[in-house]
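See structure below.
The values are calculated or read from the model by the stated rules, or taken from the named source; none is laboratory data. Quick caveat: nothing in here was measured; it's all calculated off a predicted structure. For neighbour counting, all protein chains shown are included, and Cβ atoms are generated from backbone atoms with ideal geometry for every residue, glycine included.
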Amino acid sequence: MKQSLQLKLGQQLTMTPQLQQAIRLLQLSTLDLQAEIQEALDSNPMLEVGEDDNAGSDTPDESINTPKDQPEQSSTKDSDSEPEPTASAQEEQSGVDRNSDDSPEGDWGDAIPEDLPVDTSWDDVYQSGPSGSGLSAPDSEDNDYESRRGSDESLHQHLMWQLNLTPMSDRDQVIAMAFIDAIEDTGMLSMNAEEIHESLVDELEELELDEVFAVLHRLQQFDPPGVASQDLSECLLIQLNQLPKTTPCREDAKLIVKDHLLLLGSRDYKQLMRKTKLKEAQLRDAIILIQSLNPRPGDSIYSGETEYVVPDVFVTKQDDRWTVNLNPDIAPKLRINDTYASMVKRADTSSDNSFLRDNLQEARWFLKSLQSRNETLLKVSTCIVEKQRGFLDYGAEAMKPLVLHDVAEIVGMHESTISRVTTQKYMHTPQGIFELKYFFSSHVSTDSGGECSSTAIRAIIKKLVAAESPQKPLSDSKITTLLAEQGIKVARRTIAKYRESLGIPASNERKRLV
């Protein structure tokens with residue numbers, strides 16, 4: 001084998017740190033972007049938050065200007081979100097400032113003795129101010145209520161709080177805690193009373209099953225109504241028993257829930273009327289009462305944190321034209337710190353100067369990446385709005401088919417870039433707030449040779465089901481026929497798939513009594 005030297009020409013894409021940073025910022029959500037900006041502010045002394053529009057560097061590549069043409073929805077958010085302090089509040093503020101400016105000798109110099117006795121302490125001479133717990137003592141009940149009803153309270157904590165307020169013997173408390181530990185997040189028991197009895201026989205001497213049921217009945221009176229139930233029928237019965245006796249159709253509803261819940265679930269109303277000997281009007285009123293109950297009482301105790309959607313883009317209509325503006329509140333205005341930037345010396349190779357020069361370069365890269373993210377987001381959003389003007393004017397039924405490839409060709413970017421931009425980014429429109437990916441959907445052919453979006457088909461199905469007769473709901477085959485009359489060719493199995501994605505039950509489960 002003979003060795004030789006050869007020259008080859010080729011192209012290779014290298015992922016520079018700047019490009020990696022730009023791609024990472026591009027796919028971040030609003031909350032993640034804010035965290036990334038805060039981290040950059042904490043780690044890079046060259047970056048700072050601009051206080052006003054006129055402040056900052058004169059060079060355009062060293063600052064990020066947020067859009068000034070913000071829509072009406074976001075304009076009130078800035079000026080009206082924080083009320084101005086009242087006169088009394090201003091006086092208190094000025095009073096605090098004045099106290100902080102006074103010399104220590106003026107207030108404390110005469111009161112503090114030069115020497116304290118050896119056997120005395122500071123608290124013997126001066127009375128300490130009230131502690132934090134002492135300040136909240138008068139409102140301890142209110143504070144305890146707020147802590148109990150906080151967003152981080154679980155169902156188990158809520159039940160344990162009620163158990164601590166319920167007078168019980170030590171023996172009954174052991175049984176009650178065993179039941180509470182067996183309660184699922186839905187409020188239903190994962191173990192019945194017999195299983196709880198078997199698990200406590202070795203711990204409690206001469207434990208009777210009636211004693212276990214007695215404790216269970218006390219727990220079933222806790223909040224929320226229907227908690228600690230062994231099955232659905234018992235859960236609904238507990239809630240019905242807690243209603244006033246004068247509630248209309250209360251006894252009829254109890255009869256149905258106790259003995260004929262399976263017939264109600266299968267919506268066999270004829271058989272239900274025959275066995276309960278109720279007329280159609282009475283059965284209808286009883287079913288309405290049953291439907292007002294909560295089959296999952298534990299869900300009423302909210303244990304999660306509220307998540308708010310912050311739109312990245314605002315879409316408004318001005319002079320019969322749709323305009324797209326970035327939300328200026330999603331990220332602070334950043335700029336280069338002029339003081340630190342002026343300390344950088346080109347010819348200096350000291351460690352301090354190298355540190356400042358490196359941070360200055362990183363700050364400029366970060367600002368350029370943010371600007372690139374904003375420009376790309378605005379460009380993609382504008383393209384989506386241009387394609388989906390029918391949706392903005394008339395709603396989901398006018399949604400046009402759109403895929404990532406269509407937008408990528410228009411804006412001159414790769415499909416992967418469009419995918420990153422539209423992930424976890426939200427658009428505020430007159431129709432509501434939607435993720436950018438919501439505007440992308442596949443298409444279905446029509447008889448006229450055109451195309452219809454799958455999102456539009458879902459909207460039509462939802463509209464047809466909302467207008468159907470409760471006594472004779474539309475089947476999937478009937479919906480297929482109705483769509484065919486409008487020129488939309490959709491298979492029955494596709495209708496079933498779209499209906500399930502909308503959370504609409506089958507026709508036999510939608511049947512109601514008028």
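Residues that are in a helix (DSSP H, G or I) and among the hydroxyl-bearing types (Ser, Thr, Tyr) within segment 307-354 comprise Thr339, Tyr340, Ser351, Ser354, listed in sequence order.
Restricting the first member to segment 424-441 and to residues that are without any contact (Cβ under 8 Å) to a residue 40 or more places away in the chain, and the second to residues that are in a strand (DSSP E or B) and of a type in the set (A, V, I, L, M, F, W, C), the beta-carbon pairs closer than 8 Å and six or more apart or on different chains are Phe434/Met427; Glu435/Met427; Phe440/Leu402.
Scanning segment 315-341 for residues that are more than 34 Å from the chain's Cα centre (by Cα) and within 21 Å of Asp42 (Cβ to Cβ) yields Ile336, Asn337, Asp338, Thr339, Tyr340, Ala341. Annotation note: of Asp320, Asp312, Asp329, the sole residue that is surrounded by fewer than 16 Cβ atoms within 10 Å (Cβ to Cβ) and touching a Lys or Arg at 6+ places or on another chain (Cβ under 7 Å) is Asp329. Criterion applied to Ala459, Ala466, Ala484 was being free of Cβ contacts under 8 Å to residues at least 60 places away in the same chain and either out of contact with any Asp or Glu (no Cβ under 9 Å at 6 or more places or on another chain) or closer than 28 Å to Val315 by Cβ (or both), and the one residue passing it is Ala466. Look at (1) closer than 23 Å to Pro505 by Cβ; (2) modelled with pLDDT under 90 and you find that Pro332 fails only one, number (1).
Residue count for segment 460-514 satisfying the condition of being of a type in the set (Phe, Trp, Tyr) and within 22 Å of Leu263 (Cα to Cα): 0. Of all residues being surrounded by 16 or more Cβ atoms within 10 Å (Cβ to Cβ) and over 41 Å from the mean Cα position of the chain (by Cα) in segment 342-372, which is farthest from Leu19 (Cα to Cα)? Just the residue, please. For segment 342-372, the residue satisfying everything is Val344. For segment 194-230, a tally of residues being surrounded by 18 or more Cβ atoms within 10 Å (Cβ to Cβ), under 40 Å from the mean Cα position of the chain (by Cα) and more than 17 Å from Leu155 (Cβ to Cβ) returns 2.
Looking across Lys258, Lys277, one residue alone is surrounded by fewer than 16 Cβ atoms within 10 Å (Cβ to Cβ), modelled with pLDDT of 90 or more, touching a Ser or Thr at 6+ places or on another chain (Cβ under 9 Å) and farther than 30 Å from Pro167 by Cα. It is Lys258. For segment 292-303, the criterion of being surrounded by fewer than 16 Cβ atoms within 10 Å (Cβ to Cβ), acidic (Asp, Glu) and outside the structural domain of Gln371 (by TED's automatic domain parsing) is met by at least one residue. So, in segment 178-234, exactly how many residues are acidic (Asp, Glu) and touching a Gly at 6+ places or on another chain (Cβ under 9 Å)? Number of matching residues: 3.
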